[in-house]
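To start, the structure under review is shown below, and the notes come after it.
The values are calculated or read from the model by the stated rules, or taken from the named source; none is laboratory data. What you are looking at is a predicted structure, and each value in this text was computed from that prediction instead of being measured. Here the Cβ positions follow ideal geometry from the backbone for every residue, glycine too, while neighbour counts run over all protein chains shown. Calculation scope for accessible area: heavy atoms of the full protein, side chains included, ligands and nucleic acids excluded. Shrake-Rupley method; radii C 1.70, N 1.55, O 1.52, S 1.80 Å.
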Amino acid sequence: MIPAPFDYVRATSAEHILELMAQHGDEAKLLAGGHSLLPMMKVRLASPTVLIDIASVPELSYVKVDGDDLVIGATTSHATVANSDLIQADAPLLSYAAAQIGDPQIRHRGTIGGSLAHSDPAADLPMTLVALDGTFELLGPSGTRSVKAEDFFIGYFETALEHDEIISAVRVPRRPGVGWGYEKFTRRANDWAIVGIATVAGRVAMANMGSIPARPVATEQALAGGQGIAEAAALAADGIEPAGDMHATTAYRQHLARVLTRRALETAASRNQA
Amino acid sequence: MSILGTRVVRNEDPELLTKGGTYTDDLIDERLDGAAHLIFVRSPVAHARILSIDTSEALKLPGVVAVYTAADVDLPIINPPMPMFNQDMTQTPLASDKVRYVGEPVAIVVCDDPYIREDAAELVEVEYDILPAVIGMPNAAKDEVLLWESVGTNTVVDFGTPDDLDPNLFDDCEVVVSHLIQNQRIHPAPMESRSGAASWPEGERLTAWIPSQGAQGAKAALAAQLGIDAAEVHVLTPDVGGAFGARFGADVEMVLTAWVAGKLHRPMRWSETRYENLLAMTHGRAQEQRVTIGGSRDGNMKKYRLEVLADCGAYPKIGGILPSLTRLMTPGTYVFDKAESIAKAVVTNTTPIGAYRGAGRPEATAAIERAVDIFAAEIGMDPADVRRKNLVPKFTEPHLTAFGALYDSGDYETALNKALEAANYEDLRKEQQLRRERGDAKQLGIGMSSYVEITGAGSESGDPNENATVEVHPDGTVTILTGTSPHGQGHATAWAMMASDTLGIGIDKITVIHGDTDLIPKGGGTGGSRSLQQGGMAVQKASIELVDIARTRAAELLEANEADLQFNIDDSGFSVAGVPSSTVTLAKLAEKERLFINAVFAAPGATFPFGAHLAVVEVDVETGKATLERIFCVDDAGVVMNPLLFDGQRHGGIAQGAAQAFLEEFIYDEDGNPLTASFADYPFLSATEVPSFDLVSMVTPTTYNPMGVKGVGEAGTIGATPAVQNAVVDAVSHLGVRHIDMPTSPRVVWEAIEAARSNSNSNGKVA
Ligand SMILES: Cc1cc2nc3c(=O)[nH]c(=O)nc-3n(C[C@H](O)[C@H](O)[C@H](O)COP(=O)(O)OP(=O)(O)OC[C@H]3O[C@@H](n4cnc5c(N)ncnc54)[C@H](O)[C@@H]3O)c2cc1C
């Protein structure tokens, strides 16, 4: 439970982060909230020799409106995302999802950028950003590029981030009044999702139904084609084969996906004011 | 008014809640100055021969003081603790030729700096020749792969054999139902993981700090395992953050910490990580039970058979004896024409099994309470009615069961009725019916248990007795030395109340000391819910005897007849009848000569608390997720000396008991790799998953001690587990489900519903 030895440096600006990354190369890891990285270091599944602490870079923590989008700085904590008036009004699904993460301690340390970069398929935010059709701003030595949430996640703990890039911000469309639904199926209040569903505006994304947030294409198409919620939700696991583990078999996950998709869609419909 | 029976808040809490306790790892003591730190290299594999151990790289790391393997350790072999166990299943303190479970200590690394411990341990290279693992009790019983090849069997002990079973047992029964039931392996999960510290300077005695359930038992175990005279050992018990039965005696890590301290003549500290705690502290339960119950269609239960297969884990410990307690409690609270039980305990390549809150009794209750519900479902009768019809009638004289248990007093039907009334049972059934008719996603389940258990059966030292020393000091304060060993129970408060009530001295002036074998050479520790009925009674007895001694001294001092002296509780002193000015207090009497006494209270035997729990659960039949909505608990443990402490014991036990029914299980894969070795995966319940408890009171005094008290520490894990499990099954019984094994996790419940559906479909019935 004690990590292997490592050095620690604290970055002071976005630019400084990039400099430090260039200087330390592959041996370094970014430290944001530390709530995914440090547990792995403690059990020695990760042993970076340098940690670049980005948590206190002021310019990376903010929530602001930019035209039709909300923009959220990468080191904004889950608690801030959950409690932000702006996000609650324009992307309530995101606030709600952030509020479902772990417990208060985790939500006050953990960051949106860290959760997305970590790319754990059981996590709350990756599927939420896919459902929201969010975009990530990736900052590297040659500037910033934008990547769609659904193109960002590549596999278990694998993303489109280049080794010299960071997530600098997350961008989501503003959709006040649009109905949304969120189902996180857990054994206990602060567990990870066995299966999770996030839906808004006819898009559905699922947690823990594969190595990246899964989209039930058949369900979305059925909805777009005017079918009812029950019929559409019944297709939620079509073509999706999640792995089994001690909490759930493949069949049980598929079953949960159908039930929870139906519930999430029903909630979304009942909430819709647009 | 007597303080006894009142809700006195805990003396120990202000310190625990402000500055915090002093746990072993927090100790600051000059005897530990300059201590080195140990870490154990543990086996990453379940079953393997050790081919070689290379310690050279570890020794090169700056700050590493020493590395030891089995070849260096000159300590006695650890024999199985009970004479009836297979005595050839021995253990060496560090694994020598073989490892038998993931987490078994293989080497010790001693470091100057605790922060390099894990780096150093990683450098010890152990080469293993992996053997097939024995996982699962039925597999072990086949004796195909053996943990000890030379022993020829994996069986530790048989309590009866199939030949002892009556082949005609069920011949006169109209209805016979049988089921295989899992009472799964669970981990005690105390807040404080294990630690130890030792100081053993050359030519001096060993001082060992061990967080335990009894310093005296720990001392005996430590001396035996070190192969030294017990007089050479001084054991101290710092604060203990939870034990649940898993902290009796001295674990091998504590023994080795002391051994290294002696070898290097340098103080040693050891403290494990949570991961190690999950792997290497003894686990509990782990029984597979076959229950068979027979009777008449009108609800008369006549015959019952319980066959137990128990897991000891890799080395036979106390877990091997627990099936005999399960057997002892086979018939529970019911009358049978005949009941019989056999048990077998086997070794597997898993963490050893020890005592866990209830230790053998919850397993018996879980078995019979499931059997009764299965029987009730088979004959289509309300489970409450079946129970009422078959309960042992109220008795006030001890009742001897066919299994040799002597129940001291009991009124099981009243307990059950109180639970049913408190819950508004009839209304709950109506609500259940409504939800079934509507086909709600969330169905209601109502489950009950009737239980009787054993408390105060004995102690670490054997007989059901305990000692206490009470001393009144000249300044009017009191010191109590107790042989019990509180680790959350509140003895500092309770024992002060006992003494205060007799001595007339406020509890704020009374200090309770435990866990120092020099000050308190004898003691049975705390376990099996024995403390109040023996340790508390010893405090009361000593206090009464102290007043008697004081009376003799007061008579002398006041130049009066003892018979004319009156003890005034309000003044904590004596006065002479008719001479109001002639008085002397206990404190005053202590000025001339120390005023103290040691007394032993011996109980005639164990007491048998009983009760009934009724759980109300909601089961989402679409997802299989069950949640606890209400739980009504009648726990009759005789007279209640402090309702706050009494209810506190119930609360923790109910939550733990419900957790076993719902979620907890320590899981291994087929190669013996633990899959639940962190708190992210090992799911005890949190406050969010339990409702406020509905505690119903019932008091049936025992005659076995002057106060009429029994033990309540384990009531929750005995009563709540089957009530909750029965409720989950009940919620989906209309879908054709008869039994769901624990833990009734969402997947398990959903699979049970699916299986029942496809069953009834294939039978052509409507689901
Ligand atoms: C007990 C517990 C329970 C939890 N429960 C949940 C839960 O229910 N749901 C859930 O979704 N999560 C849960 N989490 C995870 C939590 O949300 C983490 O905070 C989050 O996943 C990671 O964010 P972080 O800021 O802590 O990242 P860190 O741990 O600091 O970093 C994670 C990874 O991302 C990299 N990284 C961090 N920031 C950036 C960036 N801006 N650009 C590029 N790379 C970056 C790091 O180098 C590291 O590899 C839980 C964690 C714990 C400890």
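Miscellaneous remarks
- Test: A:ALA149 is more than 14 Å from chain B (Cβ to nearest Cβ), within 21 Å of A:ARG107 (Cα to Cα) and either surrounded by 18 or more Cβ atoms within 10 Å (Cβ to Cβ) or touching a Ser or Thr at 6+ places or on another chain (Cβ under 9 Å) (or both): no
- Only residues that are away from the ligand (no atom under 13 Å from the Cβ) and not charged (D, E, K, R) were counted in the range A:131-152, giving 9.
- Residue list for the range A:50-70, filter: surrounded by fewer than 19 Cβ atoms within 10 Å (Cβ to Cβ) and either within 14 Å of another protein chain (Cβ to nearest Cβ) or more than 16 Å from the ligand (Cβ to nearest atom) (or both): A:LYS64, A:VAL65, A:ASP66, A:GLY67, A:ASP68, A:ASP69
- Test: residue in the range B:316-329 that is open to solvent by 10 Å² or more (accessible area, probe 1.4 Å), assigned to a helix (DSSP H, G or I), charged (D, E, K, R) and within 30 Å of B:ASN417 (Cβ to Cβ): yes
The rows are residues; the columns are (1) crowded, with 17+ Cβ neighbours inside 10 Å; (2) not in a loop (DSSP other than H, G, I, E, B).
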position	(1), (2)
B:GLN656	yes, yes
B:GLU665	yes, no
B:PHE679	no, no
B:LEU695	yes, yes
B:THR700	yes, no
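- Listed conditions (1) within 13 Å of the ligand (Cβ to nearest atom); (2) touching a residue at least 12 places away in the same chain (Cβ under 8 Å) are all met by A:GLY155, apart from (1).
- Of the residues making up the range A:71-90, none is open to solvent by 40 Å² or more (accessible area, probe 1.4 Å), assigned to a loop (DSSP other than H, G, I, E, B) and within 14 Å of the ligand (Cβ to nearest atom).
- Flag for A:PRO3 being near the ligand (Cβ under 10 Å from one of its atoms) and in contact (Cβ under 8 Å) with a residue 24 or more places away in the chain: no
- Residue in the range B:608-621 that is within 14 Å of chain A (Cβ to nearest Cβ) and within 28 Å of B:ARG274 (Cβ to Cβ) present: no
- Verdict on A:ALA257 being part of a helix (DSSP H, G or I), within 14 Å of another protein chain (Cβ to nearest Cβ) and open to solvent by less than 60 Å² (accessible area, probe 1.4 Å): yes
- For the range A:37-49, residues that are touching an Asp or Glu at 6+ places or on another chain (Cβ under 7 Å) and either under 20 Å from A:HIS108 (Cα atoms) or away from the ligand (no atom under 11 Å from the Cβ) (or both) total 1.
- Matching entry among A:ALA232, A:ALA236 (being open to solvent by less than 10 Å² (accessible area, probe 1.4 Å), away from chain B (no Cβ under 14 Å) and without any contact (Cβ under 8 Å) to a residue 40 or more places away in the chain): A:ALA232
- Residue list for the range A:159-179, filter: over 23 Å from A:ILE106 (Cβ atoms) and either within 11 Å of the ligand (Cβ to nearest atom) or open to solvent by 10 Å² or more (accessible area, probe 1.4 Å) (or both): A:ALA160, A:GLU162, A:HIS163, A:ASP164, A:GLU165, A:ARG171, A:PRO173, A:ARG174, A:ARG175, A:PRO176, A:GLY177, A:VAL178
- Out of B:VAL106, B:VAL145, B:VAL126, one residue alone is within 33 Å of the chain's Cα centre (by Cα), under 27 Å from B:ASN277 (Cα atoms) and either within 14 Å of chain A (Cβ to nearest Cβ) or open to solvent by less than 50 Å² (accessible area, probe 1.4 Å) (or both). It is B:VAL106.
- Leading residue by the ranking (farthest from B:ILE667 (Cα to Cα)) among those in the range B:125-158 that are in a loop (DSSP other than H, G, I, E, B) and without any contact (Cβ under 8 Å) to a residue 24 or more places away in the chain: B:GLY152
- Among the residues of the range A:31-45, those that are without any contact (Cβ under 8 Å) to a residue 60 or more places away in the chain and either within 14 Å of another protein chain (Cβ to nearest Cβ) or surrounded by fewer than 17 Cβ atoms within 10 Å (Cβ to Cβ) (or both) comprise A:LEU38, A:PRO39, A:MET40, A:MET41, A:LYS42, A:VAL43, A:ARG44, A:LEU45.
- Selection of the range B:377-401 for residues being acidic (Asp, Glu), assigned to a helix (DSSP H, G or I) and more than 15 Å from B:ARG297 (Cα to Cα) yields an empty set.
- Qualifying residue in the range A:162-184 (condition: in contact with a helix residue (DSSP H, G or I) (Cβ under 9 Å, 6 or more places away or on another chain), within 14 Å of another protein chain (Cβ to nearest Cβ), part of a strand (DSSP E or B) and not small (Gly, Ala, Ser)): yes
- The range A:104-121, residues that are under 19 Å from A:ILE194 (Cα atoms) and more than 7 Å from the ligand (Cβ to nearest atom): A:LEU116, A:SER119, A:PRO121
- Taking the criterion of being under 20 Å from A:ALA198 (Cβ atoms) and assigned to a loop (DSSP other than H, G, I, E, B), the residues of the range A:242-254 that qualify are A:PRO242, A:HIS247, A:ALA248.
- All conditions in (1) open to solvent by 10 Å² or more (accessible area, probe 1.4 Å); (2) in contact (Cβ under 8 Å) with a residue 60 or more places away in the chain; (3) basic (Lys, Arg); (4) in a helix (DSSP H, G or I) hold for B:ARG553, with the sole exception of (2).
- Evaluation of B:TYR407 against (1) modelled with pLDDT of 95 or more; (2) touching a His at 6+ places or on another chain (Cβ under 7 Å); (3) open to solvent by less than 20 Å² (accessible area, probe 1.4 Å) (one fails), failing number: (1)
- Once the range A:187-206 is narrowed to residues that are aliphatic (A, V, I, L, M) and away from every other protein chain (no Cβ under 14 Å), the residue that is most open to solvent (accessible area, probe 1.4 Å) is A:ALA201.
- Residue selected from the range B:268-311 under the condition within 30 Å of B:GLY241 (Cβ to Cβ), of a type in the set (S, T, N, Q) and in a strand (DSSP E or B), by the criterion farthest from the other protein chains (Cβ to nearest Cβ): B:GLN287
- Scanning the range B:675-706 for residues that are more than 17 Å from B:GLN660 (Cβ to Cβ), of a type in the set (A, V, I, L, M, F, W, C) and touching a strand residue (DSSP E or B) at 6+ places or on another chain (Cβ under 8 Å) returns B:LEU675, B:LEU695, B:VAL696, B:MET698, B:VAL699.
- Per-region count, the range B:499-520, residues open to solvent by 30 Å² or more (accessible area, probe 1.4 Å) and closer than 11 Å to B:VAL472 by Cα: 2
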